[in-house]
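None of the figures in this text is laboratory data; all of them are computed from the coordinates on show. Small disclaimer: the values here were computed from a predicted structure and weren't measured. Glycine also receives a Cβ, built like all others from the backbone with ideal geometry; neighbour counts cover every protein chain displayed.
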Amino acid sequence: MADTLALDPKKTALVVIDLQKGIASLPTAPYPADVVIEKAAQLADAFRNSGGFVVLVHVGPSPDGGDALHPATDAAPRAGKPPADWDQLVPAMGPKEGDHIVRKRQWGAFYGTDLDLQLRRRHIDTIVLCGIATNIGVESTARDGYERGYQQVFVEDATSDLSAEAHTFSVEHVLSRIGRVRSTDQVLSALK
């Protein structure tokens with residue numbers, strides 16, 4: 001963290017991962033979901049006000065579930081069908097005019113979506129990531145962003161997981177190796 005963070009809003013996008021009703025209703029750590037939502041909404045407003053690009057990502061299969069992934073796993077899949085509003089963005093996030101919505105069908109927000117196309121057409125070279133869950137949707141998107149050559153900033157206190165241990169491991173051992181980890185206040189200052 002030796003370097004000073006400076007963000008050009010015209011070349012930077014805020015990518016908010018899975019702040020949707022079904023995921024935001026889960027118990028999260030180290031930060032409660034309402035804290036993550038509050039900080040992400042603050043970041044989104046700052047990006048909008050500075051001319052930055054805001055991308056709101058949510059996950060869910062098609063209505064018939066035919067495009068859902070069904071790998072053989074050791075962990076038991078979640079039982080039952082999720083509620084009808086499970087994949088709807090939480091109201092605090094918007095969307096607001098100018099925001100881009102990405103619906104993904106798996107953990108990462110790049111594969112099978114127009115995210116990369118929308119960023120490149122806007123000449124964006126830096127993405128700021130936040131959301132839930134750190135080691136699932138955020139990390140999967142970050143790994144793909146890294147492989148596509150984006151500069152990345154991870155907003156540690158606007159990101160949370162289903163366990164504090166998973167969050168900490170992802171931040172310390174993965175995200176810090178493929179980008180810069182900063183706080184909400186540091187990112188807000190870097191936009192000014």
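Calculate how large, on average over all directions, the projected area of the Cα convex hull of the range 22-71 is; give the answer in nm² to one decimal.
Numbers: hull surface 21.6 nm².
For the range 22-71, the mean projected area of the Cα convex hull comes to 5.4 nm².
Report ³J(HN,Hα) in whole Hz for each residue of the range 120-134, in order, from the Karplus equation J = 6.51 cos²θ - 1.76 cosθ + 1.60 where θ = phi - 60°; Gly and Pro get x.
5, 5, 9, 6, 8, 10, 10, 10, 10, 10, 8, x, 9, 10, 3
State which entries of Lys21/Lys192; Lys11/Lys39; Lys39/Lys104 exceed 26 angstrom in Cα-Cα distance in the structure shown. Mind dumping the intermediate values first?
Details: Lys21/Lys192 31 Å; Lys11/Lys39 21 Å; Lys39/Lys104 23 Å.
As for pairs spanning more than 26 Å Cα to Cα, those are Lys21/Lys192.
Output the relative contact order of the chain, whole-number percent, from Cα pairs under 8 angstrom with separation of 6+ residues. Show your work: numbers first, answer last.
Numbers: 360 pairs, mean separation 59.8, N = 192.
It rounds to 31 percent for the chain.
Val102's amide H: which non-local residues (gap 5+, or another chain) put their own amide H closer than 5 Å, with H modeled 1.01 Å from N in plane and none for Pro or chain starts?
Counting only residues 5 or more places away or on other chains, the set is Leu56, Val57, His58.
Sort Thr159, Thr12 so that the residue with the fewest other Cβ atoms within 10 Å of its own Cβ comes first and the one with the most comes last.
Working: Thr159 31, Thr12 26.
Going from least to most buried by this count: Thr12, Thr159.
Working from Cα positions, state the angle (0 to 90°, nearest 10) between the long axis of helix 33-50 and the longest principal axis of the chain.
40
Under the rule a/c < 1.5 gives rounded, and otherwise a/b versus b/c splits prolate from oblate, where does the range 91-192 land using the Cα gyration tensor? All intermediate terms of the calculation are to be shown ahead of the outcome.
Details: a/c = 1.34, a/b = 1.24, b/c = 1.08.
Rounded, since a/c falls under 1.5.
Which semi-axis lengths, in whole Å and largest first, follow from the square roots of five times the eigenvalues of the Cα gyration tensor of the range 21-111? Show your work: numbers first, answer last.
Details: eigenvalues 142, 54, 29 Å².
So the equivalent ellipsoid measures 27, 16, 12 Å along its semi-axes.
Using each residue's phi in the range 70-77, evaluate 6.51 cos²θ - 1.76 cosθ + 1.60 at θ = phi - 60° and report the 3J(HN,Hα) Karplus result to the nearest Hz, with x for Gly and Pro.
Listing the rounded values in order: 9, x, 6, 9, 7, 7, 5, x Hz.
Okay, helix-only estimate at 222 nm for the chain: each DSSP H run of n ≥ 4 adds -39500 (n - 2.57), divide by all residues, round to 500 deg cm²/dmol; what do you get?
On the way: 6 runs with 52 residues, N = 192.
Value at 222 nm, helices only: -7500 deg cm²/dmol.
Among Ile101, Ile23, rank each residue by its count of other Cβ atoms within 10 Å, from fewest to most, as a rough exposure measure.
On the way: Ile101 12, Ile23 24.
Result, fewest neighbours first: Ile101, Ile23.
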